[in-house]
Amino acid sequence: MKNKLEVLLPGMKQSKLFTKTTKDAPKDEVSVNAQLLIRAGFIDKEMAGVYTLLPLGLRTLKKIENIIREEMNAIGGQEILMPSLHPKENWLKTGRWDTMDDLYKVKDASGREMALGPTHEEVVVPLMQRFINSYKDLPFAAYQFQTKFRMELRAKSGILRGREFVMKDLYSFHLTEKDLDEYYEKSKEVYFKIFTRVGLKDVTHLTFASGGSFSKYSHEFQTVTPAGEDTIYVCSKCGLAINKEIKDEVHECPECQNKDFIEEKSIEVGNIFKLMNKYSAPFDLSVKDESGEKKNVLMGCYGIGLGRLMGTVVEVHHDEKGMIWPEAVAPFKVHLLSLNQNDKSQEIYDALAEAGIEVLFDDREANPGVKFADADLIGLPYQLIVSEKNLKENKVEVKNRKTGEVEYISLSSSEVVKYFQNK
């Protein structure tokens, strides 16, 4: 019964973790996110732009996914899961079969051609044709977390730029442009909530970008970091930003009319578009309004790449020793380090796990230097150290990974639990 119970607890023993930390990352990885995530055993590189998510990395990705899910549900999104394999006919209808240069095309033994989905407009619109029958069915929004495939020739930034990656895409459907505009503004608000929750609040900017033929502007959410491949210009007064590709035609801030901008390197962590009828028209996704007039359904799309967001968090939150995870997305809250004191550490581990406090227990037969180095590399928010010296003083040591601050608290398991419950 005890073994079964342990499986259900929010804890993990490091001795049971099949992955291992390493001192060196692959020589062809130049980005900080890839180097640290690989060294800490969060991901493993299959080939350029393609990675396996290992247990610690998958826990972090699921934390990010659940934050996004909560915020998508808050604006009325309904979760679905669409296929990654798309019929060629759908892509021919929108004209993107021949114009999208990063589209993976596959052919089966019968000669039938299909696409590995890089995005899902060509699937979601035909899907909604089967369910949108009246203007009374509008507005609504559907979203998914799905694996995408893009023939990325510059896959060199770790999980920031992948050929296969998980993306959240939400599609909204509207009768009027006014209704689309209102939902679009709501999406801006929840995107900022998401980036705040994952620890990117003060470094992420709403950024004006070119909208293409169907909209004057789209919007990106850009996180400032030296690792960024994009260049943005941030308004010195209100913090709004402009993408490099449209800077020549925008001479003052669209929000506050300030003309002073600061050039920054950044990573795009999300984007939102008003698609209007660009994809609904080719499939004749339309309804009659209250007056009986036929109208194309208007659409918006809203994307966030989960791996890219995870990699960006690493780029922003790290030091020379390793990663420093914000608590909301850390795979575990506490890293319990037993320095040859496994019996007392086991007692504390059991108490924390029973209380629902996520804990990684380093119970390995390894010297303290190795344990401390691995703990800093993995970067959980709190390190809880049980040593012979601390036990003699009837205390345990708590180190904050971000600030380096150290506290000594009572050795009592119940007191340790209370301490972390209050954090």
Cβ-based net charge around PRO331, under 10 Å, with every Lys or Arg adding one and every Asp or Glu removing one: +3
Alpha-carbon centroids, the stretch 57-80 and the stretch 250-295: separation in whole Å: 23
Dimensionless Rg/Rh of the chain - Kirkwood Rh, Rg from C-alpha atoms: 1.03
Value of [θ]222 nm, deg cm²/dmol, for the chain, DSSP H segments ≥ 4, -39500 (n - 2.57) each, nearest 500: -9000 deg cm²/dmol
Gyration tensor over alpha-carbon atoms, the stretch 6-149, equivalent ellipsoid semi-axes in Å: 36, 24, 13
Length released on extending from GLU79 to LYS418, taking residue separation times 0.36 nm less the Cα-Cα span: 118.4 nm
Values of log10 I(q)/I(0), in the order q = 0.16, 0.20 Å⁻¹, for the stretch 82-241 under a Debye, Cα-only, solvent-free model: -1.21, -1.54
Rounded if a/c under 1.5, otherwise prolate or oblate - the stretch 125-204, Cα gyration tensor axes: oblate
Candidates THR403, THR176, THR60, ranked by Gaussian network fluctuation over the chain, Cα under 10 Å, top entry: THR403
Among CYS253, CYS301, CYS238, residue whose mean-square fluctuation peaks in a GNM of the chain (springs only between Cα atoms under 10 Å): CYS238
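No value in this document is a laboratory result; all are computed from the given coordinates. All values derive from a computational prediction rather than experimental measurement. So basically every Cβ, Gly included, is an ideal-geometry build from the backbone, and we count neighbours across all protein chains shown.
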